[in-house]
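For reference, the structure is listed below as structure tokens.
The values are calculated or read from the model by the stated rules, or taken from the named source; none is laboratory data. Just so it is clear, the structure is predicted and the values come from calculations on it, not from any experiment. Because the Cβ atoms are built from the backbone with ideal geometry, glycine has one as well, and the counts that use them run over all protein chains shown. Quick note on the areas: whole protein, heavy atoms, side chains included, nothing else; ligands and nucleic acids left out. Shrake-Rupley method; radii C 1.70, N 1.55, O 1.52, S 1.80 Å.
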Amino acid sequence: MSVILRKLTTVTVLAHKLDDDSPADAFLAEAQTYRRELLAHCYRMTGSLHDAEDLVQETYLRAWKSYQGFQGRSSVRTWLYRIATNTCLTSLEGRSRRPLPSGLGTPSSAPTDQITEHHEVPWLEPLPDGDDPADPSQIVGTRESVRLAFVAALQHLSPRQRAVLVMREVLQWKASEVGEAIGASTAAVNSLLQRARAQLEAVGPNEDDKIEAPDSPQAQATLDRYIAAFEAYDIDKLVELFTEEAIWEMPPFDSWYQGPQAIGDLSRYKCPAEEPGDMRFLQTTANGQPAAAMYMLNRETGRHEAFQLHVLDITADGISHVVAFMGEGLFKKFGLPETL
């Protein structure tokens, strides 16, 4: 079934239930309140906003089809998470992980090296943040649990390890509850969790890196300076903002760069901008992190057009990581205009 048809089918089923004024109306009202946190859950599992949206739709469709079998032995939220988790596990069968360029196992590149796009690689995607401060995802899906570094590390785990780790450590479920959800014994869940923790420790984010929240004064001031340096095309000012071990990467290009000088030289040699004013930015957030949407001047039209979405790790010492995402339709997903 195509994505469009599946979404239409979901809407049709829900509308039919509402028209019937059935007891399931209360279920629908409650279930809809979990949509955002289910999206975050499916995103952690898949690393793809596009896939997560489809899987949430599939979760609701499966929930409606099996609603008569729901006996209320768990909460609606728990029941939906079980369905969502198994929907994700089925979807991930036979699929490769979604990496960032720095997770491919290749060394960092020189800024003068040729760069190559690889659209055939299923790259990790960014996640828009919810607008509602009372959004359940802000409680269940903490900023740390959707940070790019954490989601990228999850991609190194098998799907079942991923599910167990997320349900145990993010959702705080008991091992027996996780086992019931994925059809495994408690001993198997504990074994999967132990292996997942070991793998995550080897590839995961450094817990000593205290990432600033996007609304913190430090993050706001650094992001303002970052945007000002780019818009003025002042590479020397830009270089000053990065930590010594800072990383820059920009999927779908498979290269990544480390260190302030390499990042500055990359902007000098590879950036299509020619002078101050060629780049403009809008501030936003993604993955619970500060972000900036870059618009590049098209000299033929005289308009600034959507170019990259920069997601930043900002620490007390400066910017430690930037992922500059490119992709058709990305700005629309973030509610951003295509041109300025």
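Taken over region 202-232, residues that are assigned to a helix (DSSP H, G or I), modelled with pLDDT under 95 and under 20 Å from the mean Cα position of the chain (by Cα) amount to 1.
Scanning region 212-232 for residues that are in contact with a Lys or Arg (Cβ under 7 Å, 6 or more places away or on another chain) and open to solvent by less than 50 Å² (accessible area, probe 1.4 Å) turns up ALA213, ALA229.
Would you call ALA84 under 16 Å from GLN155 (Cβ atoms) and within 25 Å of the chain's Cα centre (by Cα)? Judged against the criteria, ALA84 is not a match.
Taking the listed residues SER320, SER255, SER267, the one that is touching an Asp or Glu at 6+ places or on another chain (Cβ under 6 Å) and in the same structural domain as TYR226 (by the TED database) is SER320, with no other qualifying. Just one residue in the set PRO272, PRO290, PRO260 is without any contact (Cβ under 8 Å) to a residue 40 or more places away in the chain and closer than 26 Å to ASN206 by Cα; that residue is PRO260. Pairs meeting the criteria (first residue in region 136-151 and more than 22 Å from GLU201 (Cα to Cα), second residue crowded, with 20+ Cβ neighbours inside 10 Å and at pLDDT below 90, beta carbons under 7 Å, at least 6 apart or on different chains) are lacking. Within region 212-233, the set of residues being touching a helix residue (DSSP H, G or I) at 6+ places or on another chain (Cβ under 8 Å) and without any contact (Cβ under 8 Å) to a residue 40 or more places away in the chain comprises ARG225, ALA228, ALA229.
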